[in-house]
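Here's the structure we're looking at; comments come further down.
The values are calculated or read from the model by the stated rules, or taken from the named source; none is laboratory data. Predicted, not measured: the structure shown is a model, and the values here were computed from it. Please note: Cβ atoms are built from the backbone with ideal geometry, for glycine as well, and neighbour counts cover all protein chains shown. To get the accessible areas, we keep the full protein, side chains included, count just its heavy atoms, and leave off ligands, DNA and RNA. Shrake-Rupley method; radii C 1.70, N 1.55, O 1.52, S 1.80 Å.
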Amino acid sequence: ILGLDVSESVSGERLDHLRRAGDTLLQRLAGDDRAALLTFSHVVRLRYELTGDISRIRQALADVDPSGQTSLVDGTSGAIALAGSDVGRSLLILFSDGVDTASFLSPATVLQAARRSDAVVYGVAMRSRIEPTFLRDLGKLTGGSVLEIESTRDLSQTFLRILEEFRQRYILSFSPRGVSQTGWHRLDVRVKGRRATVNARAGYQAGQ
């Protein structure tokens, strides 16, 4: 699922780079993959729901025109809800070139929804003096991460890097004992005896 910032600041060269990055990613999907496109400015729009017909997503991306302000938090909420309609684990890539200026929802509300979702969220943000705190928190909660880029020229390689990392993930399962069957349960995943960087969900929501 692509959740893309199409506010007024994403225009001209930035829009060209964004379209190219999205198209490059879509072309790398496997035959049984599905994709969806959601955009956000001051409004959130589902451009195309999850489908195996990737050409429709590519066309929807080509038709995007930027306008208005940025509602990153609201857009994320819509994308997480869309991910919840899928069977299995979804990859959600969120791109924004600036700070949120138009959302109605609070970050805390959307982070709570992310806890209940099976989506793995990767944020892509333009590097600036303002930390992408919301995207960073999303990544930690869902087992994704946030990648900061210097220029939208880097978008294509960044999107492909995310896709490749997601494809190399694997699932560890366990049956918890002696804990409550409801509420949020924190998990720490560690590699014993080796130096390693672990990217995993921060926990799970029981009793959904």
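Within segment 197-207, can one find any residue that is more than 23 Å from Gln112 (Cβ to Cβ) and aliphatic (A, V, I, L, M)?
The first filter runs over segment 197-207 and keeps only residues more than 23 Å from Gln112 (Cβ to Cβ), leaving 197-198.
Still in the list and also aliphatic (A, V, I, L, M): 198.
Yes, the conditions are met somewhere in segment 197-207.
Residues to consider are Leu111, Leu138, Leu92; find the one that is part of a strand (DSSP E or B), of a type outside the set (Ser, Thr, Tyr) and touching a helix residue (DSSP H, G or I) at 6+ places or on another chain (Cβ under 7 Å).
Details: Leu111 fails: part of a strand (DSSP E or B); Leu138 fails: part of a strand (DSSP E or B).
Just one listed residue meets the conditions, Leu92.
If you go through segment 178-190 one residue at a time, do you hit one that is modelled with pLDDT of 95 or more and surrounded by 13 or more Cβ atoms within 10 Å (Cβ to Cβ)? Write out each step before concluding.
Taking segment 178-190 first, the residues modelled with pLDDT of 95 or more are none.
Scanning segment 178-190 turns up no residue that is modelled with pLDDT of 95 or more and surrounded by 13 or more Cβ atoms within 10 Å (Cβ to Cβ).
Answer yes or no: is there a residue in segment 163-175 that is in a helix (DSSP H, G or I) and open to solvent by 100 Å² or more (accessible area, probe 1.4 Å). Break it down stepwise before answering.
Within segment 163-175, the subset in a helix (DSSP H, G or I) is 163-167.
Filter once more, keeping what is open to solvent by 100 Å² or more (accessible area, probe 1.4 Å): 167.
Yes, segment 163-175 contains a residue that is in a helix (DSSP H, G or I) and open to solvent by 100 Å² or more (accessible area, probe 1.4 Å).
Which residue pairs have Cβ atoms under 7 Å apart, sit 6 or more places apart or on different chains, and have a first residue in segment 130-154 that is in contact (Cβ under 8 Å) with a residue 12 or more places away in the chain and closer than 21 Å to Gly84 by Cα and a second that is polar (S, T, N, Q) and part of a strand (DSSP E or B)?
Hits for this filter: Gly139/Ser145.
Can you find even one residue in segment 66-74 that is farther than 17 Å from Phe159 by Cβ, touching a residue at least 60 places away in the same chain (Cβ under 8 Å), in contact with a His (Cβ under 6 Å, 6 or more places away or on another chain) and open to solvent by 50 Å² or more (accessible area, probe 1.4 Å)? Steps first, answer last, please.
At the first step, the residues of segment 66-74 found to be farther than 17 Å from Phe159 by Cβ are 66-74.
In the following step, the residues that additionally are touching a residue at least 60 places away in the same chain (Cβ under 8 Å) were identified as 66-70, 72-73.
Adding the requirement that they be in contact with a His (Cβ under 6 Å, 6 or more places away or on another chain) leaves 68-69.
Filter once more, keeping what is open to solvent by 50 Å² or more (accessible area, probe 1.4 Å): 69.
Yes: one or more hits.
Of these, Arg58, Arg89, which one is under 24 Å from Gly144 (Cα atoms), of a type in the set (Lys, Arg), touching a residue at least 24 places away in the same chain (Cβ under 8 Å) and open to solvent by 20 Å² or more (accessible area, probe 1.4 Å)? Break it down stepwise before answering.
Details: Arg58 fails: under 24 Å from Gly144 (Cα atoms).
Sole residue among the options that is under 24 Å from Gly144 (Cα atoms), of a type in the set (Lys, Arg), touching a residue at least 24 places away in the same chain (Cβ under 8 Å) and open to solvent by 20 Å² or more (accessible area, probe 1.4 Å): Arg89.
It is to be established whether one or more residues within segment 23-37 are surrounded by fewer than 16 Cβ atoms within 10 Å (Cβ to Cβ), hydroxyl-bearing (Ser, Thr, Tyr) and not in a loop (DSSP other than H, G, I, E, B).
yes
Which pairs have Cβ atoms under 7 Å, sit 6 or more apart or on different chains, and link a residue in segment 173-186 that is in contact (Cβ under 8 Å) with a residue 40 or more places away in the chain and within 19 Å of Thr142 (Cα to Cα) to one that is surrounded by 10 or more Cβ atoms within 10 Å (Cβ to Cβ) and of a type in the set (D, E, K, R)?
From residues that are in contact (Cβ under 8 Å) with a residue 40 or more places away in the chain and within 19 Å of Thr142 (Cα to Cα), the pairs are Trp184/Arg115.
Which of the residues belonging to segment 100-127 are under 22 Å from Gly22 (Cβ atoms) and open to solvent by 60 Å² or more (accessible area, probe 1.4 Å)?
Arg127
Can you pull out the residues in segment 118-134 that are under 13 Å from Val146 (Cα atoms) and either of a type in the set (Phe, Trp, Tyr) or not in a strand (DSSP E or B) (or both)? Quick ask: steps written out before the conclusion?
Residues of segment 118-134 that are under 13 Å from Val146 (Cα atoms), as a first pass: 120-127, 131-134.
Those that are under 13 Å from Val146 (Cα atoms) and either of a type in the set (Phe, Trp, Tyr) or not in a strand (DSSP E or B) (or both): Tyr122, Arg127, Glu131, Pro132, Thr133, Phe134.
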